[in-house]
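The values are calculated or read from the model by the stated rules, or taken from the named source; none is laboratory data. The model shown is predicted, which means the values in this text are computed figures rather than measured ones. Cβ atoms come from the backbone with ideal geometry, glycine included; neighbour counts cover every protein chain shown. In case anyone asks, the SASA skips ligands and DNA or RNA and just uses the protein heavy atoms, side chains included. Shrake-Rupley method; radii C 1.70, N 1.55, O 1.52, S 1.80 Å.
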Amino acid sequence: MSITGNKQDLARLTDEIIDSYRRHPATQYIGSTYLPNRETIISLVNTIREVLFPGFFGRQNIVESDLPFHISSILGTVRDMLFDQVRRSLRHRHQRTGKGECPDCDATAAAITDEFLGSIPQLRGILATDAQAAFDGDPAAGSIDEIIFCYPGYLAVTIYRIAHELHRLGVPLIPRIMTEYAHSLTGIDIHPGAEIGEYFFIDHGTGVVVGETTMIGTNVRIYQGVTLGALSTRGGQSLRGTKRHPTIQDGVLIYPNASILGGDTVIGQGATINGNVFITQSVPPHTRVSVKHPELQYRNRPPREFAQEAPPDFQI
Amino acid sequence: MSITGNKQDLARLTDEIIDSYRRHPATQYIGSTYLPNRETIISLVNTIREVLFPGFFGRQNIVESDLPFHISSILGTVRDMLFDQVRRSLRHRHQRTGKGECPDCDATAAAITDEFLGSIPQLRGILATDAQAAFDGDPAAGSIDEIIFCYPGYLAVTIYRIAHELHRLGVPLIPRIMTEYAHSLTGIDIHPGAEIGEYFFIDHGTGVVVGETTMIGTNVRIYQGVTLGALSTRGGQSLRGTKRHPTIQDGVLIYPNASILGGDTVIGQGATINGNVFITQSVPPHTRVSVKHPELQYRNRPPREFAQEAPPDFQI
Amino acid sequence: MSITGNKQDLARLTDEIIDSYRRHPATQYIGSTYLPNRETIISLVNTIREVLFPGFFGRQNIVESDLPFHISSILGTVRDMLFDQVRRSLRHRHQRTGKGECPDCDATAAAITDEFLGSIPQLRGILATDAQAAFDGDPAAGSIDEIIFCYPGYLAVTIYRIAHELHRLGVPLIPRIMTEYAHSLTGIDIHPGAEIGEYFFIDHGTGVVVGETTMIGTNVRIYQGVTLGALSTRGGQSLRGTKRHPTIQDGVLIYPNASILGGDTVIGQGATINGNVFITQSVPPHTRVSVKHPELQYRNRPPREFAQEAPPDFQI
């Protein structure tokens, strides 16, 4: 029984597995020196949130006089982590395309890091409008604190805004790792390439998908299960780079589980899309779109003991 | 290149960011001494689960003779963490409303902590009915152990029941942080204000939303994607405190992706709501509601190589 | 006030809680010696991912000459953890059925562990086809690296394939703990008992449910919110073991939020199921099924200030 420690069995299995690395090279990274690290990127996102929302996350009870030291110390950490990961992702892409050394990668990574850090005050400005939008839009919100502490929509939008800035600066891989981290935490899947205006709110949020080429104006609110998606994707990689996802203009409200599909679909300013609506065509401004819900059928069911009945004609 | 360590650039950026804390004060907490801590609250939830389900979570192989020591030791930890967080959340709310010192906050926090701890045996009683409901309701459940170990619906309901008890005792912020932690782990979003009877089961669960003023009787089972929600929320904060979400009576079964909306909507005892039904009106007891599913359209597609076709008329 | 440390109160509460363990024995595990451990199983899954995708997860910058040592060292860890957990789960099941000692449990656990380890090269082969399917199927995928790093569908399928292998080998509890861990991370709920062919891709994925007795061929792609589920589950445990979930043949594509229900439902080879379709009957091969979407209703809404309107006739 090899479990007792038959070393030959383990050695043979090791050989077979290493052989499988050669047979399927796309799913291994032996010998590569510049791969970004998912754990570090997650830690980076959370450190950036400490700067964005001081006192809420990370160290609490910060006194005003310590603030410059506290913030510049976190910024130094963010700068070092971000520079290293951006550098890795640039070199990694360069390596993948088989171009050999990358003499410019470090300078580019440094410039991107600086530009990102410089954008933090603006990011805070936009995120303040998003927090206000959540409070104004949800009667269940007790305070803005509650939103920042625990609203999944606010967390997903915060991480999206960080990732989008890096995506805009041309960073590969890292922005998507960030938004998929948010997706994992919230069930909200926003591609970092989407463009989203300020005062944006996603309520509940589980199941929301916002595709790569979506454009969203300011003052838009969407609910759980909303898909802003593509029409056919049978074309696969041949569709890469085309506008496949809709445009949502200012002041639009989209209720739960609505699907809005297609790159030419424009939802006009101030429109309301009701729940469960399925749209593949444009909607004029200031229009409310609802679905004529299919007729419901009612049938009497005599009282019975729960969990003991399974009538053959029963259908979900 | 400032990345190499230009201290002046970092100092200037620090100033700009601190300036943004002044311009957008709602999204920072400098100088506040009494903010609850999300990480501590998550740790508290998991410590309470060790008391609720001894042997399943936390220390394993507890022998019966060690039990009093083991449990009272965990209870002491729960008491200290809970008292401190409740105290913070009460003082925080007090501070926010600008009323200065809070002479009663500590005594109130102590009384709440005691009352919560005293409710643990009852909580265990209700959670035993929920575990039984999951086993009785799911043919894929191999044992009650499997449910407690890994059913997301059971985890979400456990955390909801803890949070609801604290909500009932008037604790701000903390209950919602707890249920949003559950939401993050399970995709099930139950507001701590909802009222839910015993023998309750949510199967699969991703995308479930149970709004703040929902009332659910005993022996209710719901599936993934079910929304128990509000009608229009255009009114925002002006709707705060009104009953906006439905009432679900005893013995109701709600299949996947059904939406039941509105504060006056009552689903009568023993009713069954079939999958994808969209309801904004009350349903009499012992009634099965199904939707006349819209007609399906079938069209022949000749065999083709996968991923190489993108017909222009193709539509999701 | 007992919070100050009244030891008698704590002792009384401890007694009450211990008493509740006696009254509700199904939700406690005092004195049991062989319960699997959820945290260890999660750690095991992630260690297996280090062997499956070297360089992506766990240690980076592995040089080729270190590979045999590195891999056999991880394999040794996987073997020890897996053997111990499988042994516990077998003994635990044995104990539960009241059969006393389990003289064969250890030998069975060892054989299962060996067989699982031996299947790793094949697992890598199948997972390479899944990664290719994701890249081929998603125009937003920048590279196969991106898929392995952060696609939730790929993570869920990886964990499902590990869990399915253990399920096939007759291991109780552990496979479901693994797939529910994936469900928690991704919102994708695949039962370890489902059978799924190679070149399988789930895009976005939140809300996907693949039931226990589902059978899926090769080259199948599904999107967020798709349910491959059962018809009535009123029968509860009496339905255990019956085929309750559909069969999906090779080359089928299922767009978002479609529901396909019932154990006799077969979706024929090369068929396409469009978004939001609700199916309880079989579909012939090479057929596209779409739903005649219910008519949309458009109504003009004059421009208004956002969040200040709540017309009584307004309906989601």
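So the values come out like this:
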{"item": "R0 of 25 Å, Cβ-Cβ distance residue C:46-residue C:84: FRET efficiency to nearest 0.05", "result": "0.95"}
{"item": "Per DSSP, loop GluC sites (Glu not before Pro) in segment A:190-296 with at most 15 further Cβ within 10 Å", "result": "A:295"}
{"item": "Restraint check, A:243/B:292; A:292/B:243; A:243/C:292, Cα-Cα greater than 30 Å", "result": "A:243/B:292"}
{"item": "Neighbour net charge for residue C:267 - beta-carbon separation under 14 angstrom, K R +1, D E -1", "result": "+1"}
{"item": "Cβ neighbours within 10 Å from other chains - mean over C:39-46", "result": "1"}
{"item": "Residues with amide H under 5 Å from that of residue A:227, placed H, sequence gap 5 or more", "result": "A:209, A:258, A:259, A:260"}
{"item": "Hz values of 3J(HN,Hα) by residue in segment A:77-90 - Karplus curve (6.51, -1.76, 1.60), Gly and Pro given as x", "result": "5, 4, 4, 5, 5, 5, 4, 5, 6, 5, 4, 4, 5, 5"}
{"item": "Residue-by-residue Karplus 3J(HN,Hα) for segment A:195-210, coefficients 6.51, -1.76, 1.60, Hz, glycine and proline x", "result": "9, 9, x, 7, 6, 10, 9, 10, 9, 6, x, 4, x, 5, 10, 10"}
{"item": "Nearby aspartates and glutamates by direct alpha-carbon distance to residue B:99 (threshold 16 angstrom, same-chain neighbours under 8 apart not counted)", "result": "none"}
{"item": "q = 0.09, 0.15 Å⁻¹, segment A:30-186: log10 I(q)/I(0) [Debye, one scatterer per Cα]", "result": "-0.33, -0.83"}
{"item": "Inter-chain shielding of A:10-16 (mean C-beta neighbours from other protein chains, 10 Å cut-off)", "result": "6"}
{"item": "For the protein assembly as shown, accessible area per residue (1.4 Å probe, heavy atoms of protein chains only), Å²", "result": "35"}
{"item": "Carbon + sulfur, % of accessible area of segment B:194-293 - ligands and nucleic acids excluded, 1.4 Å", "result": "49"}
{"item": "Local net charge near residue A:162, Cβ-Cβ under 12 Å (Lys/Arg +1, Asp/Glu -1)", "result": "+3"}
{"item": "Summed residue charge, Cβ within 12 Å of residue A:296's Cβ, Lys/Arg positive, Asp/Glu negative", "result": "+2"}
{"item": "Share of carbon and sulfur in the accessible heavy-atom surface of segment C:30-186 [1.4 Å probe, %]", "result": "51"}
{"item": "Pairwise FRET efficiency - residue A:292 versus residue A:264, Cβ, R0 = 25 Å, nearest 0.05", "result": "0.55"}
{"item": "Shielding of A:83-95 by partner chains, average beta-carbon count, 10 Å", "result": "1"}
{"item": "Sorted largest first, extent of segment C:106-145 alpha carbons per principal axis (Å)", "result": "49, 14, 13"}
{"item": "Protein-protein interface of segment B:139-162, residues with accessible area decrease of at least 40 Å², isolated chain reference, 1.4 Å probe", "result": "B:139, B:140, B:145, B:146, B:149, B:150"}
{"item": "Nearest-10 value in Å² for the accessible area of residue B:244, using the 1.4 Å probe", "result": "20"}
{"item": "Under the Karplus curve 6.51 cos²θ - 1.76 cosθ + 1.60, θ = phi - 60°, whole-Hz ³J(HN,Hα) for segment B:283-294, x wherever Gly or Pro sits", "result": "10, x, x, 6, 10, 9, 10, 10, 9, 6, 4, x"}
{"item": "Size-normalised alpha-carbon gyration radius of the protein assembly as shown, reference 2.2 N^0.38 Å", "result": "0.92"}
{"item": "Shortest-first distances to equivalent copies, position residue A:280, nm, label 7 Å out along Cβ", "result": "2.6, 2.6"}
{"item": "Cα centroid separation - segment C:40-99 against segment B:21-89, whole Å", "result": "31"}
{"item": "Cβ-derived FRET efficiency at R0 41 Å, residue B:73 paired with residue A:19, nearest 0.05", "result": "0.20"}
{"item": "Area buried, chain B against chain A - accessible surface, total, 1.4 angstrom probe, square angstrom", "result": "7500"}
{"item": "Calculated log₁₀ intensity ratio I(q)/I(0) where the Debye formula runs over C-alpha points of segment B:194-293, q = 0.13, 0.19 Å⁻¹", "result": "-0.39, -0.84"}
